[in-house]
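Each remark here refers to the structure printed beneath this line.
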Amino acid sequence: MEALPFNRVEIDIAALQDNFKSIQLTVGQQVRVMAVVKSDAYGHGLVACAQAIYQAGGRTFGVAEVWEGVALRRSGLQGEIVVLLGGSPESYDEIIKHKLTPVVYDVEFITGLSNAAAGKNTEVRVHLKVDVGMGRLGVLPAEVESYVSLIRRLPGISLSGLLSHFPVADEIGSSEKTQDQLSYFRSVLARLETKEAGSVVAHIANSAALLYFPDTRLDMIRPGISLYGYYPDASPARAKTAAPTLKLQPVMSFKTRVVQIKELGAGCGISYGHTFVTRRKSRIAVLPVGYADGYLRKLSNRAEVLIGGRRAPVCGRVCMNATMVDITELPPAHTGDEVVLLGRQGDAVITADEIAKWMDTISYEVLCLFGTFNERVYI
Ligand SMILES: *Cc1c(COP(=O)(O)O)cnc(C)c1O
């Protein structure tokens, strides 16, 4: 018999598909949904998630880099694949061969790609990125017209999209900034419209914008975190106004099991540094999970886990491959019992938002970490 890892990340494919469908239903059929599957689908698995979303009706996918788009094509995925970070001169051939749609923001890349595609008698679609205040990728609004006319002039490439990105759409109290940036983007589009006659797809909304600012949806939205069941600022209540019908369910769970249970008296130090000392007769369960599995050391003496549908606090430092939890107040547990680090067990649930708080970060990082470091099982 093959020895299986103690720890596993479970991906609920039906939940992912339901989230996609609920998002599409919320925005209506006239708005395209680009499923953002970059970074291994936020730790959920690039190919499996993209294929599942395709089955649920998704036809547009967003990846960060060219190699991810190539991996999707090699898996047989159809539809449009937008490469959000664009490419480099070494990737022209793969962009052309795999019919990827790069985001562009650089004259040299644009001319090089045009040459490569024209040389092969083909045409590559590109989306031009405008920076309306993110301070990240993109050409400045004043440069848009010259970029657009360059792309129009060159053979082998055609402009099929214009996009931007919001920096603070998830922050309560920054809605004025988001509205200003939307107006700015709209004014860029308006200047273009006469020449382009609406042939470009305009998109700017990430999950936060789609959930909290419905007028940002334009022709297409780019949800990432919401596909995986989370609200960007951990507040479903805030989405009730703009997206009352939306229903999101977490897609990832992270599970391990008890490898040892020990009975200790009062005054026993637990784990490196003895940062936890038992104050009473205690039962401590040893779990075979640690920071090498993405269960960060920051969770020491802070996190909780589920055993038998009840919460147990982590006691002492999280080690590389081991974590101890105090189960003194829980009903008897046994070696081999399932432990849920993220997800549901009985009526109890631990969300990525809760873990993110313990880790001083956001759910995105928790999902990427757990998904990257552990064996994934699709259910
Ligand atoms: C990652 C990303 C998204 C998705 O953002 P979420 O907050 O996860 O919805 C959208 N657009 C771009 C350009 C991105 O890089």
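The values are calculated or read from the model by the stated rules, or taken from the named source; none is laboratory data. The model shown is predicted, which means the values in this text are computed figures rather than measured ones. In this analysis, Cβ positions are derived from the backbone assuming ideal geometry, glycine residues included, and neighbour counts consider all displayed protein chains. Accessible surface areas use protein heavy atoms only, side chains included; no ligands, DNA or RNA. Shrake-Rupley method; radii C 1.70, N 1.55, O 1.52, S 1.80 Å.
To the nearest ten degrees, helix 363-373 and the longest principal axis of the Cα atoms of the chain are 70 degrees apart. Does anyone have the angle between helix 107-119 and the longest principal axis of the chain? Alpha-carbon axes, 0 to 90°, nearest 10? Rounded to the nearest ten degrees, it is 70.
Protein heavy-atom accessible surface, 1.4 Å probe, per residue over segment 69-181: 46 Å². A simple count of charges around GLN249, restricted to other residues whose Cβ falls under 14 Å of its Cβ and scoring Lys, Arg +1 and Asp, Glu -1, yields -1. Computed with the Debye formula from one identical point scatterer per Cα of the chain, without solvent, the log10 of I(q)/I(0) at q = 0.10, 0.12, 0.14 Å⁻¹ comes to -0.71, -0.92, -1.13.
Surface listing: ILE13, ILE110 arranged by accessible area from highest to lowest gives ILE13, ILE110, probe 1.4 Å.
One quarter of the convex hull surface built on the alpha carbon atoms of segment 1-126 amounts to 10.2 nm², the projected area averaged over directions. Rounded to the nearest Hz, the phi-derived 3J(HN,Hα) couplings of segment 314-326 under the Karplus curve 6.51 cos²θ - 1.76 cosθ + 1.60 (θ = phi - 60°) are 5, 10, x, 6, 6, 9, 4, 10, 8, 9, 10, 10, 8, where x marks glycine and proline. Using 23 Å as the Cα-Cα cut-off, could you pick out the over-long pairs in LYS99/LYS129; LYS21/LYS99; LYS38/LYS240? LYS21/LYS99; LYS38/LYS240, as the Cα separations exceed 23 Å there.
Relative contact order, percent, of segment 94-252 when contacts are C-alpha pairs under 8 Å separated by at least 6 residues?
16 percent
Loop only per DSSP, at most 11 neighbouring Cβ atoms within 10 Å: give me the trypsin sites (Lys or Arg not before Pro) in segment 264-311, ordered by residue number. Answer in residue order: ARG279, ARG280, LYS281. Placing MET134, MET220, MET320, MET1 in order of accessible area, with the largest value first and a 1.4 Å probe, yields MET1, MET320, MET134, MET220.
Rounded to the nearest 10 degrees, the angle from helix 13-27 to the longest Cα principal axis of the chain is 40 degrees. Counting only heavy atoms of the protein chains and using a 1.4 Å probe, THR335 has close to 90 Å² of accessible surface. Simple rule: put +1 on each Lys or Arg Cβ and -1 on each Asp or Glu Cβ in segment 13-242, find the dipole, and look at ALA118, ALA52, VAL104; the Cα lying farthest toward the positive end is ALA52.
Taking all Cα pairs closer than 8 Å and separated by 6 or more residues, the relative contact order of the chain comes to 17 percent. Return, ordered by residue number, the residues of segment 22-54 whose backbone nitrogen is under 19 Å from a label point located 7 Å along Cα→Cβ of SER75. Within reach of a label on SER75, which here means backbone N under 19 Å from a point 7 Å along Cα→Cβ, segment 22-54 contributes 33-54. Only helical runs count toward this figure. For the chain, summing -39,500 (n - 2.57) over DSSP H runs of n ≥ 4 and dividing by all residues gives -9000 deg cm²/dmol at 222 nm. Size estimate for segment 1-46 follows the Kirkwood approach: the inverse of mean 1/r over distinct Cα pairs works out to 13.0 Å.
For segment 264-328 and segment 23-64, what is the separation of their C-alpha centers, rounded to whole Å? Using only Cα atoms, the two centres lie 37 Å from each other. For segment 1-103, the set of GluC sites (Glu not before Pro) satisfying both a DSSP loop assignment and a count of at most 10 other C-beta atoms within 10 Å is given as GLU2. Note on segment 170-258: semi-axes of the ellipsoid equivalent to its C-alpha gyration tensor, largest first and rounded to whole Å, are 31, 15, 11.
Over all other residues within a Cβ to Cβ distance under 15 Å of LYS357, the charged ones net out to -3, with Lys and Arg as +1 and Asp and Glu as -1. Among LYS262, LYS177, the sequence by solvent-accessible area, most first, with a 1.4 Å probe is LYS177, LYS262. Looking at segment 252-378, what % of the alpha carbon pairs are farther apart than 27 Å? More than 27 Å apart: 12 percent of the Cα pairs in segment 252-378. Magnitude of the charge dipole for the chain, about its Cα centre and with charges confined to Cβ atoms of Lys, Arg (+1) and Asp, Glu (-1), is about 560 debye. Solvent-accessible area of the chain (1.4 angstrom probe, protein heavy atoms only): carbon and sulfur portion equals 52 percent.
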